[in-house]
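Below is one structure; the comments refer to it alone.
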Amino acid sequence: MGSPLSKEISAAKKQDRLDLSQRNLKELPGREIAIKCAKHLGHLNVSQNVLTFVPPELTALVNLKTLNVSKNTITAFPASLPASLVEINFSSNRLFSTPIPSTISELTNLIKLDLSGNQLDEIPEIIAKLQQLKEINIGSNALTTLPFGIYTLSRLQVLQAKGNRIRFIGANIANMLSLKELNLTDNLIATLPETISNLPNLTVFLIGENRLRQLPDSIGNMAKLELLDIQDNRDLADLPGSIARLRGLKGINIRNIRLEALPSGLKYWSNLVELIMKENRQIEELPQFIGSLVRLKRLDANSCSLKQLPDGIGSLADLVYLDLRRNQLGSYAIPNAISQLSKLQRLFLSKNCIEFIPDELCLLGALLEFDISDNMLVTLPDNIGQLAALQRLYLNNNNIEYMPDSLGCLVNLEVLEMRSNRMTALPQQLSQCVRLQRLDVSHNLLADLPEGLFNCGDLTTLDITDNPFDNPPQAVIALGMGAVLKHLEKQYRDKQKKRKGSKGTLNGKSRDYLSHQ
């Protein structure tokens, strides 16, 4: 009859591919695969097993195009593999035990090679023979330099080398004229050669989490650059004026460097979609020319030292995400112009010094998520109900004593957190928020809950701990959310009976809320 594994191998003759991943295989039946699939097998996946070697019999698979042996415990790159291979994934193994053999140079059809996650401290220079390579991943190893052979790969489009110990990038990187994506994140690089700007097709350059003190002046020559990540280079205090020429830039990450102000060249980045500038605690203001970034959709200025927002922020007509957490903004630091952000969906203002919510924020009709926790609020404005699209509202850790009836106008609200305030009552209109799924009013001064709360049929989380409740009684609260909602429903019905003088029902239905517990 044969084992299930043998049947799968036999079936692969007709299917062109064999997937033996996640089988807990300790050894690959190389001879059987070679005999049954020698002429037809094109794709072999044996990833996520416990293999320690690749059987030499696989060389007989003369039409094999892709080989995936990732996430095993293989200790040596095989001395011989089918020359037909165009893609090899050897990531997350233990190749550090044995040097990669020079015979890797025989794989001249190879287009994609992944050697990441192997603790390799060197790659043989003979890799230069793989002139068809378009993508190589040597990330998460122990390399201290890029192998010279890589610089000669003229067709290479993607070079992933993050998570190594690389200190030096050679000037001959300029020879890699086809390179489109260069990832050198999380290394030990202190300087970049001026010639790095001679990469005419580079669109993605990731050099964050290194030791850069400056960027080369020539960086402005990267005419096709769309994404630049220089985050977490903590000695980088200035950017060259030439960056003004990066007119095609769509995203930049300057998180946690030593900038004291955004560079003036920024105003020319009219194609910028994402600006991440968080954790630059020296920056105290956004420049007025921030409004020049007319295509900006995401602005993250979390954990800076902003004290004022410029009127120019109102010109960011496409902005959908604005993170201003952990700054020094007061209520009067928010300009009237912010009301012009008609597409804004997510606004984060927690951990500032805001005493009241400016009316202008209540005009943001597209807002879906609003977090103004950890401020100094005492109340909410009556026009909070104008935020009709709002789905998530976070008001935790303020001094709020009063909630307006207009809260009930937030009919799309799914999450409402008002933890750790000074509220003594909730508006009855809260029961109109029928889509509410999570309500947290813990650590307040509440004596009762709105009776109509049981109408919120989607409610799955109700946190009312640490309140001096009279209604519901503590004995009911101890039974969980289902019991609380059932108690409120009964109370509501009893009052309806008294009002109408007859037996009342709610829509002729009674729901079992024990399922909410």
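Any residue that is under 28 Å from PRO472 (Cα atoms), among the aromatic types (Phe, Trp, Tyr) and buried (at least 16 other Cβ atoms within 10 Å of the Cβ) - is there at least one of those in the stretch 366-387?
No, because not a single residue in the stretch 366-387 is under 28 Å from PRO472 (Cα atoms), among the aromatic types (Phe, Trp, Tyr) and buried (at least 16 other Cβ atoms within 10 Å of the Cβ).
Could you give me the residue pairs with C-beta distances under 9 Å whose first residue belongs to the stretch 42-57 and is touching a residue at least 40 places away in the same chain (Cβ under 8 Å), whose second residue is in a loop (DSSP other than H, G, I, E, B) and hydrophobic (A, V, I, L, M, F, W, C) wherever it lies, and which are 6+ apart or on separate chains?
Short answer, once both residue conditions are applied: SER47/LEU20; SER47/VAL69.
Please go through (1) surrounded by fewer than 16 Cβ atoms within 10 Å (Cβ to Cβ); (2) more than 23 Å from THR75 (Cα to Cα) for PHE53 and return the number of the only condition it doesn't satisfy.
PHE53 satisfies all of (1) surrounded by fewer than 16 Cβ atoms within 10 Å (Cβ to Cβ); (2) more than 23 Å from THR75 (Cα to Cα) except (2).
Would you mind telling me which numbered condition in (1) buried (at least 16 other Cβ atoms within 10 Å of the Cβ); (2) under 24 Å from the mean Cα position of the chain (by Cα); (3) over 29 Å from ASP217 (Cα atoms) ASN280 fails?
(3)
Tally up the residues in the stretch 139-179 that are of a type in the set (Phe, Trp, Tyr) and over 30 Å from the mean Cα position of the chain (by Cα), please.
Result for the stretch 139-179: 2.
For the condition in a helix (DSSP H, G or I), touching a Ser or Thr at 6+ places or on another chain (Cβ under 7 Å) and surrounded by 15 or more Cβ atoms within 10 Å (Cβ to Cβ), what is the one hit in ILE104, ILE126?
So the residue among ILE104, ILE126 that is in a helix (DSSP H, G or I), touching a Ser or Thr at 6+ places or on another chain (Cβ under 7 Å) and surrounded by 15 or more Cβ atoms within 10 Å (Cβ to Cβ) is ILE126.
Only one of (1) without any contact (Cβ under 8 Å) to a residue 40 or more places away in the chain; (2) in contact with a helix residue (DSSP H, G or I) (Cβ under 7 Å, 6 or more places away or on another chain); (3) under 24 Å from VAL411 (Cα atoms); (4) of a type outside the set (Phe, Trp, Tyr) fails for ALA483. Which number is that?
For ALA483, the failing item is (3).
Return the total of residues in the stretch 23-48 being in contact with a Lys or Arg (Cβ under 9 Å, 6 or more places away or on another chain) and not hydrophobic (A, V, I, L, M, F, W, C).
8
How many residues does the stretch 68-101 contain that are within 17 Å of ILE136 (Cβ to Cβ), part of a loop (DSSP other than H, G, I, E, B), within 36 Å of the chain's Cα centre (by Cα) and modelled with pLDDT of 95 or more?
Residues in the stretch 68-101 being within 17 Å of ILE136 (Cβ to Cβ), part of a loop (DSSP other than H, G, I, E, B), within 36 Å of the chain's Cα centre (by Cα) and modelled with pLDDT of 95 or more: 9 in total.
Scan (1) at pLDDT 90 or above; (2) out of contact with any helix residue (DSSP H, G or I) (no Cβ under 9 Å at 6 or more places or on another chain); (3) in a helix (DSSP H, G or I) for the single condition LYS498 breaks and write down its number.
(1)
Could we say that ASP374 is touching a Pro at 6+ places or on another chain (Cβ under 9 Å) and not hydroxyl-bearing (Ser, Thr, Tyr) here?
No; evaluated as a whole, the condition is false for this residue.
From ASP448, ASP458, which residue is touching a residue at least 40 places away in the same chain (Cβ under 8 Å) and among the charged types (D, E, K, R)?
Exactly one residue qualifies, and that residue is ASP458.
Among the residues that make up the stretch 331-350, is at least one of them farther than 25 Å from ILE276 by Cβ, touching a Phe, Trp or Tyr at 6+ places or on another chain (Cβ under 8 Å) and surrounded by 19 or more Cβ atoms within 10 Å (Cβ to Cβ)?
So far as the stretch 331-350 goes, no, none of its residues is farther than 25 Å from ILE276 by Cβ, touching a Phe, Trp or Tyr at 6+ places or on another chain (Cβ under 8 Å) and surrounded by 19 or more Cβ atoms within 10 Å (Cβ to Cβ).
For the stretch 233-244, does any single residue satisfy the condition of being touching a residue at least 40 places away in the same chain (Cβ under 8 Å), out of contact with any helix residue (DSSP H, G or I) (no Cβ under 6 Å at 6 or more places or on another chain) and within 22 Å of ALA161 (Cα to Cα)?
No, there is no match, as no residue in the stretch 233-244 is touching a residue at least 40 places away in the same chain (Cβ under 8 Å), out of contact with any helix residue (DSSP H, G or I) (no Cβ under 6 Å at 6 or more places or on another chain) and within 22 Å of ALA161 (Cα to Cα).
The values are calculated or read from the model by the stated rules, or taken from the named source; none is laboratory data. Values in this document were obtained by computation on a predicted structure and should not be read as measured data. A quick note on method: Cβ atoms are made from the backbone with ideal geometry, for glycine too, and the neighbour counts reach across all protein chains shown.
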